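Report on the structure given below.
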Amino acid sequence: MANPKQSAKKVGEETEEVVEEAVEAVPEEVEQASAQMEAQPPKPLEEVLGQAERAYAAFMEAQRQVANAYRANEQQIAQAYKRAEQQAEKACNEMVKEAMRARDESIATALKARDDAVSQAERAFKRAKDQAEKELEATVEEASKKREEALAQAWQLREETVDQAWNIYAKLSR
């Protein structure tokens, strides 16, 4: 990116050169007119006035050239400023785009991490649930087995008690 101060300095130097050339041209024309007047014998007033008018016209032309040089300088400075402004705008826009891209990448990374964490939590929940279901089944199966054994023992005890009662009854009834 061009430095606007350097561009303005360069434009200013160019303007100074044009102004210096125009200013240098005026004394030369005045000196020429003066030399012509000195070299020639005195002339009538009209001729002297004519020379003065020509010298004044040369001075006015030089003054117009200086003003034109200053206007050109002002336009060049304005153009340099506009270029610097456009470059600054472009740099700003690029930085904003880069920041938005970085933000989007960060959000995408965070979303992926969140999705991974949710997925991992769901897998852990499923493993814990499956383990709890297996433990429940094992506990229910063991409880059922113990109940069956207890019922079998109780039935056997009942059978033995009934047999004993009948044996006692049979002994008594004899």
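With respect to the numbered conditions (1) under 29 Å from the mean Cα position of the chain (by Cα); (2) at pLDDT below 95, which one is the sole condition not fulfilled by residue 117?
Condition (2) is where residue 117 drops out.
With the condition kept exactly as written, say whether any residue in the stretch 163-173 is at pLDDT 95 or above, of a type in the set (A, V, I, L, M) and assigned to a helix (DSSP H, G or I).
no
The values are calculated or read from the model by the stated rules, or taken from the named source; none is laboratory data. Predicted model only: the values in this text are computed from it and were never measured.
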